[in-house]
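Report on one structure; see the data block that follows.
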């Protein structure tokens, strides 16, 4: 993925997802971190879109945020989080 091709909001979401992966000591940014980053983004489209289709963004947050801590962790040193296959956009 070429970051220079991302919109400002998408780049901010990716940075937030990387910060979440680091917080949870994950070796890569998974779809779960991306979803949480999009849900917490001020002015983002994820929450309004979910509400429009009848989903509850707060419930989705809870459903993802709890189990995310159970994903495998890495320790020692600084990790450079890469995107996991589940978080990559399909072309």
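The values are calculated or read from the model by the stated rules, or taken from the named source; none is laboratory data. In this text the structure is predicted, and so the values were computed from the model without any measurement. Using ideal geometry, Cβ is built from the backbone for each residue, glycine included, and neighbour counts are taken over all protein chains shown.
Tabulated results
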| item | result |
| --- | --- |
| Of all residues making up region 47-88, the number that are at pLDDT below 65 and surrounded by 11 or more Cβ atoms within 10 Å (Cβ to Cβ) | 8 |
| Checklist (1) on the phi > 0 side of the Ramachandran plot; (2) assigned to a helix (DSSP H, G or I) applied to residue 36, failing item | (1) |
| Residues of region 33-80 that turn out to be within 12 Å of residue 13 (Cα to Cα) and touching a helix residue (DSSP H, G or I) at 6+ places or on another chain (Cβ under 9 Å), as a count | 13 |
| Leading residue by the ranking (nearest to residue 65 (Cα to Cα)) among those in region 9-25 that are without any contact (Cβ under 8 Å) to a residue 40 or more places away in the chain and over 8 Å from the mean Cα position of the chain (by Cα) | 23 |
| Filter result for the condition that a residue is in a loop (DSSP other than H, G, I, E, B) and over 12 Å from the mean Cα position of the chain (by Cα), over 63, 42 | 42 |
| Top-ranked residue of region 1-33 - restricted to ones that are outside any helix (DSSP H, G or I) and in contact with a strand residue (DSSP E or B) (Cβ under 9 Å, 6 or more places away or on another chain), ranked as surrounded by the fewest Cβ atoms within 10 Å (Cβ to Cβ) | 1 |
